[in-house]
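Values in this text are rule-based calculations from the coordinates and carry no lab data. The shown structure was predicted, so the numbers you read here are calculated from the model rather than taken from an experiment. Please note: Cβ atoms are built from the backbone with ideal geometry, for glycine as well, and neighbour counts cover all protein chains shown.
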Amino acid sequence: MNDARFLSIDRVERVFGGGRTLFGTARPGVHAVQGVSLDVTRGETLGIVGESGCGKSTLARMIVGLDRPTGGRITLEGRDLAAEADRDPRALARRVQYVFQDPVASLNPRKTIRAILEAPLIHLRGLNRSARAARLAKLMEAVNLAPEFLERYPHEFSGGQAQRIGIARALAADPDLIVLDEPVSALDVSVQAQVLNILDGLRDRFGLTYVFISHDLAVIESVSDRVAVMYFGHVVEVGRASEIFARPRHPYTRLLLASVPAPGRAAAVAETGETELPDPYHPPPGCPFHARCPRASDICRAGFPASAPAPGRPDHLTACHHPEDGGMPAPAAAPEFQQG
Ligand code: SF4
């Protein structure tokens, strides 16, 4: 198996709604994810970034089998994940795990941490009592939590501790791939750093591959080997993290970067133009970013641009009719973004 295709997302779509009413009237569908293609190498972290509503969480849910694509396919080492989720969801859960955004809400308040962590050891790994005890000790040590916490309940923990328990639960299945959906966005900045450091160490120690979803560019930059930028259900730019942050080519990526407060640069604020995502029930023709884009031309309103590599950089792809040359984003005022 070519590791370049460890996880392969091939022209994946997810449409919600649509079809016809009882009276035969067509109902509009919402294209939450449209024609997304991405490959993830074993052992790497792919960061997926975009505004709230861009489709990144829908994509995450399809990767772990909580939702099914309505077009295209997602494969892990050549095996179709949607088919695997239908045929043997436990087999899929042994290979792919999910870490939720809200750490406390994701833990059953009526169960002790021991019961929460033992569930995957029993149901996914079939470990006996002594093997479970050894594995629990290892899991707690891996996420830097004291073993006596096993007898406590989720409400007794801070957000950062609860998220470390959520990570330990994902690790309990001994997966190859973990999808982390905004795993630190509910945490204070200092706690974020602790959790990100733990995740970084676990990836190397357990040979994990991460798909890391966040709206927070600083977080994405700190954790990712490669970054995919999503807008309105599409991947509009993908490449090495260092390339994307130093030489963004898509106008949306530049606008995202310009909207991040930085020392010596005022946070960009809305002055003119559209600041909202387009209406998903009535998507605009052509490139969905054209109403916000300073480089838009007639061709942008006519057709969605194909992804093309940057000159001399075949792994830096941009879906834009008029990509920029690269270089750091100008500190000019830019529309404010919804981040959540
Ligand atoms: Fe802007 Fe056109 Fe590129 Fe879309 S395709 S981002 S409207 S230049």
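Would you order R295, R129 from fewest to most other beta-carbon atoms within 10 Å of each residue's own beta-carbon?
R129, R295
May I ask you to derive the relative contact order of the chain, considering only C-alpha pairs under 8 Å and at least 6 residues apart, and to give it as an integer percent?
Averaging sequence separation for qualifying contacts and normalising by length gives 19 percent for the chain.
Given the options I167, I178, I299, state which has the largest fluctuation in a GNM of the chain using a 10 Å cut-off (strictly under) for Cα springs.
Taking springs between Cα atoms under 10 Å, the residue moving most is I299.
Using unit Cβ charges (K, R positive; D, E negative) and no other charged atoms, how large, in debye to the nearest 20, is the dipole of the range 48-164 about its Cα centre?
380
Which of F232, F157, F245 moves most in a GNM of the chain, Cα contacts under 10 Å?
With Cα springs under 10 Å in the chain, the top fluctuation among F232, F157, F245 is at F157.
For the chain, with only Lys/Arg (+1) and Asp/Glu (-1) charged at the beta-carbon, what is the dipole magnitude about the Cα centre, in debye rounded to 20?
980
Zone of N197 (label point 7 Å along Cα→Cβ, backbone N under 19 Å): which residues in the range 146-176?
Of the residues in the range 146-176, 146-147, 158-168 have backbone N under 19 Å from the label point off N197.
Starting from the Cα of D10, step 7 Å along the direction of its Cβ; do the same at S242; then give the gap between the two resulting points in nm.
3.2
Take Y153, Y231 and order them by how many other Cβ atoms sit within 10 Å, fewest up front.
Y153, Y231
What value does the range 114-158 have for Rg/Rh, both radii from Cα atoms and Rh as Kirkwood defines it?
Here the Rg-to-Rh quotient is 0.97.
Let me check I've understood the local charge: for E148, count other residues with C-beta under 12 angstrom from its C-beta, Lys and Arg +1, Asp and Glu -1. What total comes out?
Net charge in that neighbourhood comes out at 0.
In nm², what is the average projected area of the convex hull enclosing the Cα atoms of the chain?
19.8
Where the only charges are on Cβ atoms (+1 Lys, Arg; -1 Asp, Glu), what is the dipole of the range 101-192 about its Cα centre, to the nearest 20 debye?
So the magnitude is around 480 debye.
What distance in nm separates the two pseudo spin-label positions at V260 and K138, each 7 Å out from Cα along the beta-carbon direction?
3.6
Identify the residues of the range 6-50 with backbone N under 11 Å of a label point that sits 7 angstrom from the Cα of R73 along the Cα-to-Cβ direction, or state none.
10
Specify the residue with the greatest mean-square fluctuation among D86, D200, D298, computed from a Gaussian network of the chain linking alpha-carbon atoms under 10 Å apart.
So, out of D86, D200, D298, the one fluctuating most is D298.
Local charge sum around G71 (other residues, Cβ-Cβ under 12 Å, Lys/Arg +1, Asp/Glu -1)?
With Lys, Arg at +1 and Asp, Glu at -1, the net is +2.
Quote the FRET efficiency, to the nearest 0.05, computed for D216 versus E148 with a Förster distance R0 of 45 Å and r equal to the Cβ-Cβ distance.
For D216 and E148, the calculated efficiency is 0.85.
Let me have the 222 nm mean residue ellipticity of the chain computed from DSSP H runs of 4+ only, each contributing -39500 (n - 2.57), with the sum over all residues rounded to the nearest 500.
-9000 deg cm²/dmol
Quick check on the exposure proxy: order K138, K56 from fewest to most C-beta atoms within 10 angstrom.
Going from least to most buried by this count: K138, K56.
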